[in-house]
Amino acid sequence: MVLLFLVLAACQPQEQQATVEQTELSTPTPDAGAAPIGQLAETAYPLGYQLDLHIDPREDSFSGRAIIDIELREAANGIWLHGQLLTVHSVLLTNSDGQESKASYQEVLPSGVAWADFGYELDAGRIRLDFEYQASFDQNLAGLFNVVEQGDAYALAKSESIQARKYLPGFDQPGFKAPFTISITIPKGDHAIGNAPELSRTSVDDQYDRIQFAQTPPMSTYLLSLAVGPFDVVERADIPASQFRDYPIPLRGVARRGRGSELEYVLDITPRYIEIFEQALGRPYPFKKLDIVAAPAWPSGATELSGAITYREERLFLGGDASPQARLDLLSVHAHEIAHMWFGNQVTPPWWDDLWLKEGFATWATPMVLSLFEPDGGHDLNGLERNFGVMRVDSLATTRAIREPILRNEDIRNAYDGITYSKSQAVIHMVDSYFGADKFRRALGGYLAEYADSRADSTQFYQSIGEQTGDPKLTRVFKHFVEQQGVPQLDVSLDCADASQVRVMLEQSRYRPLGSSITDDHSWSIPVCVRYPESNTTQVQCGIVTQDNPVLQLNTQQCPAWIMPNANGSGYYRWQLAADYWQSLMANFELLQQSEQLALIDSALAAFEAGTADQALLLEVIELSTQATTRQVVVAPLEALRRYLGTVFENVEVEDFRQQLTPLYLMALERVGNSASEDQLLLKNRLLDFVASSLQYQPARELLTEQAMRFTGFNQQRDSNALSSDLYKAALSIAVQDLGAGFFQHLMGGGVDEIDDPRFAGMLPIALGSFNDAELLPQARAYALSERVGPREAFDMIRSMMESPVLRDQHWQWYRAELPAILNKIPSQWQRRTPRMADVFCSQDKIGELQALFAEYGDQAPGHELALRQTSEAIDLCSALRAGH
């Protein structure tokens, strides 16, 4: 045998013999200190993937083969790439001359940075790496995970942001776009869903079939779709060709077994959504199919996987009698995800610091499209609610800018916050409103055309939009609001010394709440529009306000009796008026647009929290809000009031405040009456929740408790129509608090197992966490960390426990003692959020406890630092607000 081996070796071509010798001279793997902790350099770029997977959701693991064609842009003896918790059996290298040799693979950083070692130095050129590997299904809803629902096993891939590396060795960052050719071997009878159309299904043996998909266009790994299981697949008529594309779009719905019929509504509205987007952007839908996938488990509300948008099923299942909020949530999330087919999927940011170019534009497009889909639906005001809501976070000294460097993989998920989504939406809306939709949206379509199937960062976006509009002021506004953190505040006054030249003086600074450590002042170019009375009507005057030009000249010959400093509510800023102008503006509240009423309420709340307005002004504005006829205006103060009642004010103050608020909100609830309109039902449910939960109004609590008992069949025959899904959280939580251990055991002990309702299942752990009975503490704690509760549900239950004021201190002691177990239980992408569990506190001594806790366990919550800083500041500001009022 030795002789035979020597003879065979002597017969090999000299080139291959040399390759073997070079492989034996393999260089050592770089140590962790040399590994890139964030963005990979582009010295190696993927040109295409061939992926062949064996996925059986009933098993504990899966296996695969990944062939990657790579452009090596400089000489190297290995490359950095991504892979996490993969068992790689072999790596075969093919160099630019077609010679094959063994390479090696090693994972170097816990974040999934790996090293592929060639064994010798290669010149620049095209190479191929062929990996054979296997991995376990993830148990925390990240990467490729499996779940069992109603006895059926399913596997799904959650790839965003950097989770594809858990099931695929490759280049797992958004700028590395390449086409994928994918095949999957799956159990017979199951379906497989991918990004591209299915080309063939062939039998492998008596247990498995092999599914071959068409090649995708160039795409990022975070957009990969892999779903396997006994799904219902609902075929719909193709979306017809349009003036923007010459091909139809196959449309399907995918849901777990037996639930396909519940996708009827979302499939009904999808063709119209596509039509609106194509007309608004002047660009065709960019993929060859569209699947709407309802996942039986999913860590977020939805993810924009190219051609296979995937939702947590509760977002799509409306049931027979859809509640108004459930339908509104579906409309919104569906519009957002379809917007991503252009923003993010077709044109992709190269790195996560430009996340706003996909998430911000998808969030902005949602009310824009819904206002065209349902012109009388109030969707523009829903968008403004988000715009004003995010200003609280943006008022922190520790807030992020929309765009700022992301240097570590561990910090990527921190960019998925209200700043990226809602502040970006607000800034885009401000630009769109001020410069005009015709001008801005036409330029936006040109930007999409310029970078289609490619990538673009903020600098390229600014340049493209600037060139197409020819307006440098537009790009300057974008840069100032995208690159700088904080909320501008305008101190507004009138100069009427010369009646022929009435001027509005607008002095800008950065908004600071009471106790803030903010010391810097930025300078913004701010599009400002003001409304003022003129004769028997009102006029609007607009201009770009800067520090050097803080004046607007009004087109009037008399000093106006009042002025609204944010006409149409489209500006991303807060404003302050002298006391007499506050009073005159509030006296004319009914003359304002609803959007302006929202702006007034926000600036009044902001003035209260900055210490420049007292409780009398606050109550006056709240009373005006409760007398309004528009839902969004009525509910605008509710989140702030919940915070004041639940965290800021104490004991007697809380009871006094409740006594002042309760008559106002009961009258508002009475005005709604029994109206059957969807908008009024939304308002009624929101008010009923607030009156019962926050104002502790006993008749409302009794009503919701009775509905919860009937709906869940507690000591009676179950009535499935007794409770609107919009009130699941409020009613179930109040029933747990007021009925005590009996109802708690009913919910936890299997009394509601027959209710196969994803929305109910999502609210159940929140309700269980709201208990007030200290005797339930051991049972609730054990349940939250048990296998009976999923990762997402465990997080929600623990958060609910912390929000419950009666047992908050006991929950905090347990949280501190069990943090490692909690981190191990919840979704891995959410570990970074865990410091925010303490944002329910208003005492500065808790800051030290929180910081000590994460000094000890922070390494188990990668990326937690931002949440820790912001929560510490929030507690400090709460303490200052409590002292200031």
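The values are calculated or read from the model by the stated rules, or taken from the named source; none is laboratory data. Here the structure is a predicted model, which is why all the values come from computation and not from measurement. For neighbour counting, all protein chains shown are included, and Cβ atoms are generated from backbone atoms with ideal geometry for every residue, glycine included. Just the protein is used for accessible areas: all its heavy atoms, side chains included, with ligands, DNA and RNA removed. Shrake-Rupley method; radii C 1.70, N 1.55, O 1.52, S 1.80 Å.
Residue count for the stretch 397-456, restricted to those that are surrounded by fewer than 19 Cβ atoms within 10 Å (Cβ to Cβ), in contact with a Gly (Cβ under 7 Å, 6 or more places away or on another chain) and not in a helix (DSSP H, G or I): 2.
Yes/no matrix, rows are residues, columns are (1) more than 17 Å from GLY301 (Cβ to Cβ); (2) of a type in the set (S, T, N, Q):
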| position | (1), (2) |
| --- | --- |
| SER332 | no, yes |
| PHE373 | yes, no |
| ARG386 | no, no |
| LEU396 | yes, no |
| ALA401 | yes, no |
| ASN409 | yes, yes |
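When the stretch 40-63 is filtered for residues that are assigned to a loop (DSSP other than H, G, I, E, B) and either in contact (Cβ under 8 Å) with a residue 40 or more places away in the chain or closer than 20 Å to GLU132 by Cβ (or both), the ones remaining, listed by number, are LEU40, GLU42, ILE55, ASP56, PRO57, ARG58, GLU59, ASP60. For the stretch 487-523, the set of residues classified as at positive phi and either part of a strand (DSSP E or B) or modelled with pLDDT under 95 (or both) is empty.
Just one of (1) of a type outside the set (D, E, K, R); (2) open to solvent by less than 20 Å² (accessible area, probe 1.4 Å); (3) farther than 27 Å from ARG259 by Cα fails for LEU109. It is (2).
Against the test of being open to solvent by 20 Å² or more (accessible area, probe 1.4 Å), closer than 24 Å to GLY486 by Cβ and in contact (Cβ under 8 Å) with a residue 12 or more places away in the chain, the options THR538, THR546 yield a single qualifying residue, THR546. Among the residues of the stretch 775-805, those that are open to solvent by 50 Å² or more (accessible area, probe 1.4 Å), free of Cβ contacts under 8 Å to residues at least 40 places away in the same chain and in contact with a helix residue (DSSP H, G or I) (Cβ under 8 Å, 6 or more places away or on another chain) comprise GLU775, GLN779, ARG781, GLU793, ARG799.
The requirement of being in contact with a helix residue (DSSP H, G or I) (Cβ under 7 Å, 6 or more places away or on another chain), of a type in the set (S, T, N, Q) and in a helix (DSSP H, G or I) is fulfilled nowhere in the stretch 598-620; no residue meets it.
From the list THR612, THR626, the one residue that fits, being surrounded by fewer than 18 Cβ atoms within 10 Å (Cβ to Cβ) and of a type in the set (Val, Ile, Thr), is THR612. The sole residue among TYR265, TYR273 that is in contact with a helix residue (DSSP H, G or I) (Cβ under 6 Å, 6 or more places away or on another chain), assigned to a helix (DSSP H, G or I) and either open to solvent by 30 Å² or more (accessible area, probe 1.4 Å) or in contact (Cβ under 8 Å) with a residue 24 or more places away in the chain (or both) is TYR273.
Candidates in the stretch 694-716 are the residues that are in a loop (DSSP other than H, G, I, E, B) and either open to solvent by 50 Å² or more (accessible area, probe 1.4 Å) or free of Cβ contacts under 8 Å to residues at least 24 places away in the same chain (or both); of these, the one that is farthest from GLU803 (Cα to Cα) is GLN716. Could you check the stretch 225-262 and list, in sequence order, the residues that are closer than 19 Å to ALA192 by Cα, assigned to a strand (DSSP E or B) and open to solvent by 10 Å² or more (accessible area, probe 1.4 Å)? The answer is ASP232, VAL233, VAL234, GLU235, ARG236, PRO250, ARG252. One residue stands out among those in the stretch 64-86 that are of a type in the set (D, E, K, R) and not in a loop (DSSP other than H, G, I, E, B): the one that is farthest from PHE180 (Cα to Cα), which is GLU71. Among residues of the stretch 502-523 that are more than 22 Å from ASN555 (Cα to Cα), those with a beta-carbon under 7 Å from a residue that is of a type in the set (Phe, Trp, Tyr) and crowded, with 18+ Cβ neighbours inside 10 Å at least six positions away or on a different chain give the pairs GLN508/TRP524. Here is the figure for the stretch 563-581: residues that are open to solvent by less than 10 Å² (accessible area, probe 1.4 Å) and under 12 Å from LEU600 (Cβ atoms) total 7. Condition test on GLN558, is it part of a loop (DSSP other than H, G, I, E, B), surrounded by fewer than 18 Cβ atoms within 10 Å (Cβ to Cβ), under 38 Å from the mean Cα position of the chain (by Cα) and not hydrophobic (A, V, I, L, M, F, W, C)? No, not satisfied.
Being of a type outside the set (Phe, Trp, Tyr), open to solvent by 20 Å² or more (accessible area, probe 1.4 Å) and assigned to a loop (DSSP other than H, G, I, E, B) is a property that does not hold for GLU818. Which of the residues belonging to the stretch 192-218 are closer than 23 Å to LYS158 by Cα, out of contact with any Lys or Arg (no Cβ under 6 Å at 6 or more places or on another chain), open to solvent by less than 70 Å² (accessible area, probe 1.4 Å) and in a strand (DSSP E or B)? Answer for the stretch 192-218, where residues must be closer than 23 Å to LYS158 by Cα, out of contact with any Lys or Arg (no Cβ under 6 Å at 6 or more places or on another chain), open to solvent by less than 70 Å² (accessible area, probe 1.4 Å) and in a strand (DSSP E or B): ALA192, ILE193, GLN212, PHE213. Of all residues in the stretch 582-596, those satisfying the criterion of being open to solvent by less than 20 Å² (accessible area, probe 1.4 Å) and either more than 27 Å from PHE435 (Cα to Cα) or of a type outside the set (Ser, Thr, Tyr) (or both) are TRP582, LEU585, MET586, PHE589, LEU592, GLU596. Please enumerate the residues belonging to the stretch 136-155 that are modelled with pLDDT under 95 and closer than 14 Å to GLN829 by Cβ. Once the filter is applied, which keeps residues that are modelled with pLDDT under 95 and closer than 14 Å to GLN829 by Cβ, the stretch 136-155 yields GLN139, ASN140, LEU141, ALA142. Those residues that are polar (S, T, N, Q), open to solvent by less than 30 Å² (accessible area, probe 1.4 Å) and closer than 30 Å to ALA613 by Cβ, I need them from the stretch 828-878; list them, please. Answer for the stretch 828-878, where residues must be polar (S, T, N, Q), open to solvent by less than 30 Å² (accessible area, probe 1.4 Å) and closer than 30 Å to ALA613 by Cβ: GLN870, THR871, SER872.
Residues of the stretch 651-694 that are within 20 Å of ALA628 (Cβ to Cβ) and of a type in the set (S, T, N, Q): GLN660, THR662, ASN674, SER675, SER677, GLN680, ASN685, SER694. Against the list (1) of a type outside the set (Asp, Glu); (2) modelled with pLDDT of 95 or more; (3) within 36 Å of the chain's Cα centre (by Cα), the condition GLN615 fails is (2). Once the stretch 102-153 is narrowed to residues that are within 30 Å of ALA761 (Cα to Cα), small (Gly, Ala, Ser) and outside any strand (DSSP E or B), the residue that is farthest from the chain's Cα centre (by Cα) is GLY151. Can ALA640 be described as of a type outside the set (Val, Ile, Thr), more than 30 Å from ALA874 (Cα to Cα), modelled with pLDDT of 95 or more and open to solvent by less than 20 Å² (accessible area, probe 1.4 Å)? Spelling it out, it is not the case that ALA640 is of a type outside the set (Val, Ile, Thr), more than 30 Å from ALA874 (Cα to Cα), modelled with pLDDT of 95 or more and open to solvent by less than 20 Å² (accessible area, probe 1.4 Å). Candidates GLY151, GLY170, GLY189: the one that is touching a strand residue (DSSP E or B) at 6+ places or on another chain (Cβ under 8 Å) and not β-branched (Val, Ile, Thr) is GLY170.
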